[in-house]
Amino acid sequence: MQPSLPSPTGPERPIPVFLFALAYLAFLSMALPDNMLGVAWPTMRLDFAQPLSAAGIIPPVGVAAGLVSTVLAPYLVARLGVGRLLAAGTLLSAGALVVTATSTQWWQFLLGVVLGGLSGGAVDVTLNVHAARTFGPRRINLLHASYGVGAAVSPLIVTATVVSGVGWRWAYAIVAGLQLVISGVFAATVRRWPGPDEASPDRAPHSRAGVWTRGSVLGLVTVVLQTGIESSVTLWAYSFLTEAAGVPPAVAGTLASGYWLMLIAGRVGFGALAERIGSWRVLAIAVTLLLVASALANVPFSGTAMAAVVVFGLATAPIYPLLILTTAERTSAEVADRVVGLQAAASSLGAALLPGAVGLAMGSDPRAFGPAIAVLCVAAAGLHVLIQLHRRAQSPATPPARSPQGGPKAP
């Protein structure tokens, strides 16, 4: 039987603190391999005799593998349970990093990318499903904030190993060791995580009835746009600031890092705020800030361009975590787990496709970043409005859901 989901605006379930800490550590470690490549590639490519442009091959390979494991993850959880899948997934990640660190041929490196994608997709969707079923707004935002910490730390690990002279391979070996330790902790705590019966949302995992509803499709498209915006700003903020807005490189580099810091701070702050005023109100605030940031990006002054990058970090911070948390409200408790998995896949697609589209727009003129990102932000805001209208249209015919404490959910 499907466990009751927590209210996105209500109190959180009492869960052992170490499970939260372990989930946060897993999300942090999952971000480390994803963000090492940018710093490692200039020296790494020389070992594989590849041109600088060959880096463009790597993300699609990883995303394709991640999509496969994202789709398979619910079925694997139904057989193994959360703890065993997380242990296996992080062990596979450690293996992928070892393959990368010891590669001498280009095809061996790409094999490591495939293995890493298979691991990352499964761990991502499993943790998100678990969080959507058991975390409240504050904790699910902290979970995703820990990913931001990993994304900010991993380039420093590579920089330290390269500058010290030991090379990029040691950076991957260090992260592999961390993943191996985390895998061992997952294995040792298997019984503390939901088992196959608890983790499986129903007795007919192959049934797709009720998954492809209007609410789920709106959510999936919104996730594609949201993560596409987040990744586009990550990838192009520095180029936009230096080439279009005339910001000095040192300042632009600081702001590019500041974007991640604002994203982390925003997830911590907005998560706490959502506990007080509700997830839907925080989503409305975040979408409003998204539109403000896109407007600032289109004002032809360096000061507004710099402000836009900072506001983008704050605006994007809570949207994806709260979309994951509110999945059951937009769909149903019976299919929420599977829709969360589809949203994780949609997130990968958005991150892989939309930054490239923004880059094409910037090809002839770096100032095209502003209009291109504004189109994505307006589309995302429109989808949020449609989600709210759909939710309100459904609410009169749907009795209030019960919180874990027995009271009705807050609106």
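The values are calculated or read from the model by the stated rules, or taken from the named source; none is laboratory data. Please read all numbers here as calculations on a predicted model, not as lab measurements. Neighbour counts are summed over all protein chains in view; Cβ atoms, including those assigned to glycine, are modelled from backbone coordinates with ideal geometry. Ligands, DNA and RNA are stripped out before the accessible areas are found, and what is left, the full protein with its side chains, is counted by its heavy atoms. Shrake-Rupley method; radii C 1.70, N 1.55, O 1.52, S 1.80 Å.
For the range 66-126, how big is the tail of P(r) above 20 Å, as a whole percent of Cα pairs? Across the range 66-126, Cα pairs with separations above 20 Å total 25 percent. Taking every protein chain into account, the accessible area of the range 232-321 amounts to 39 square angstrom per residue (probe 1.4 Å).
Just the protein heavy atoms count here, and of the accessible area of the range 41-91 at 1.4 Å, carbon and sulfur take up 72 percent. How large is log10 I(q)/I(0) at q = 0.10, 0.13 Å⁻¹ when the Debye formula is applied to the Cα atoms of the chain, each weighted equally and without solvent? Each listed q corresponds, in turn, to -0.66, -1.13. Here the accessible area of the range 112-170 is 74 percent carbon and sulfur, with a 1.4 angstrom probe and all protein chains present. Evaluated at q = 0.11 Å⁻¹, the base-10 log of the normalised Debye intensity for the range 213-349, with identical point scatterers placed on the Cα atoms, takes the values -0.43. Legend: helices of the chain (whole DSSP H runs) are marked when their alpha-carbon atoms reach 20 angstrom or more along the helix axis and their mean Kyte-Doolittle hydropathy is at least 1.0; marked are 17-34, 58-80, 82-102, 168-188, 279-297, 302-316, 336-362, 369-394.
Express the accessible area of the range 119-169 per residue in Å², computed with a 1.4 Å probe while the remaining protein chains stay in the model. So the range 119-169 comes to 28 Å² accessible per residue, rounded to a whole number. Near L92: Cβ cut-off under 14 Å, other residues only, Lys/Arg at +1 and Asp/Glu at -1. The net charge is 0. For the range 135-280, the spherically averaged projection of the C-alpha convex hull amounts to 13.6 nm². Within the full protein context, the accessible area of T254 is estimated at about 100 Å² for a probe radius of 1.4 Å.
Rounded to whole Å, the principal axis extents of the Cα atoms in the range 275-317 read 37, 13, 11, largest first.
The range 331-376 and the range 153-195 have their alpha-carbon centroids 28 Å apart. For the range 20-65, what does the alpha-carbon gyration tensor say about shape, rounded, prolate or oblate, given a ≥ b ≥ c as the root eigenvalues, a/c under 1.5 as rounded, and a/b over b/c as prolate? Because a/c hits 1.5 or more and a/b exceeds b/c, the range 20-65 counts as prolate. Ordering of 117-125, 273-281, 224-232, 242-250 by packing is 117-125, 224-232, 273-281, 242-250, highest average first (other Cβ atoms within 10 Å, averaged per residue).
Of the residues L76, L46, L220, the one that moves most in a GNM of the chain with alpha-carbon contacts below 10 Å is L46.
Of the residues R133, R191, ranked by 1.4 Å probe accessible area with the largest first, the sequence reads R191, R133.
Heavy-atom accessible surface of V163, to the nearest 10 Å², is about 120 Å², with a 1.4 Å probe and all protein chains retained.
Order I285, I174, I182 by their accessible area, 1.4 angstrom probe, all chains in place, largest first. Spell out each step's value before the answer.
Values: I285 65, I174 90, I182 0 Å².
Sorted by accessible area, descending: I174, I285, I182.
Residues within the reach of a label modelled at S302 (point 7 angstrom out along Cα to beta-carbon, backbone nitrogen below 20 Å), restricted to the range 259-294, are 259. When peptides 381-391, 337-347 are ranked by their average number of other Cβ atoms within 10 Å per residue, the highest-first order is 337-347, 381-391. Sorting L360, L127 on solvent-accessible area from highest to lowest, probe radius 1.4 Å, gives L360, L127. Per-atom-type breakdown for the range 322-372 gives carbon and sulfur 63% of the accessible area (1.4 Å probe, protein chains only).
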